[in-house]
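The structure under discussion appears below in the form of structure tokens.
The values are calculated or read from the model by the stated rules, or taken from the named source; none is laboratory data. Worth saying up front: this structure is predicted, and the values here are computed from it rather than measured. No Cβ is skipped: glycine too gets one built from the backbone with ideal geometry, and neighbour counts run over all protein chains shown. With ligands, DNA and RNA removed, areas are computed over all heavy atoms of the protein, side chains included. Shrake-Rupley method; radii C 1.70, N 1.55, O 1.52, S 1.80 Å.
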Amino acid sequence: MIAPPPKGMPLGNLTSQFFANVYLNELDQFVKNKLKVRFYIRYVDDFIILHNKVEQLEEWKGKIDTFLKEKLRVELHPQKSRIIKLKNGIDFVGFRHYRHYKLLRKRNIKKVKMKVRLFGVGLIDREKLFEGLQGWNAYAKWADSYGLRKEVVRKVMEGESVLKLGKLVETRVKEEN
């Protein structure tokens, strides 16, 4: 018995990103030219539409859902396609976007803080920590995160101090024995 092929394309694959952009170009044309949506942003298969009237957003959502099903044979994700107020923040392309600023996703902040804690107790080495921090810092710079990045650097330095102190104590104990 042969299993049916899985739906979709592998995530993260550059060709899948390219093909998503090509395939969903029809959606872009529909939204911009037919619906005349002014504030529409799409990145690969994620998109947002901004408007101050909920009724208008609901109407567009219905038309987009119909278009996607009939023309492109894809569907809006039932849990992810929702109408929310901008003041609550929009989770889009790795950030939580608000009207005048953007923040990092909470889970990304938790991950980096956990790595710093693991470093502070000696469970990951300096090289591994800095390898991850370089990428995280490049990502974090795009958000309003100056204070957070400063805090992470301070905690890394505290962790290094604790590790140095631990090694010093260990050396002294060995010398005494």
Using a 7 Å offset from the Cα along the Cα-to-Cβ direction at both GLU55 and GLN134, what is the distance between the two label points in nm, to one decimal? 5.6
Which net charge results for the neighbourhood of LYS34, defined as the other residues with beta-carbon distances under 12 angstrom from its beta-carbon, given Lys and Arg at +1 and Asp and Glu at -1? +2
Using only the alpha-carbon atoms, what does the range 1-149 span along each of its principal axes? Please give whole angstrom values in decreasing order. 56, 52, 23
Of all accessible heavy-atom area on the range 1-152, the percent that carbon and sulfur account for (1.4 Å): 56
Using a 1.4 Å probe and ignoring any ligands, DNA or RNA, find the accessible area of LEU68 and quote it in Å² to the nearest 10. 10
Using 1/(1 + (r/R0)^6) with R0 = 25 angstrom and r between the beta carbons of LYS110 and GLU75, what's the FRET efficiency to the nearest 0.05? 0.20
Dipole magnitude (debye, nearest 20) for the range 71-154, charges at Cβ of Lys, Arg, Asp, Glu: 400
Placing +1 on the Cβ of each Lys and Arg and -1 on the Cβ of each Asp and Glu in the range 59-119, which of VAL112, ILE90, TYR101 has its Cα farthest towards the positive end of the resulting dipole? VAL112
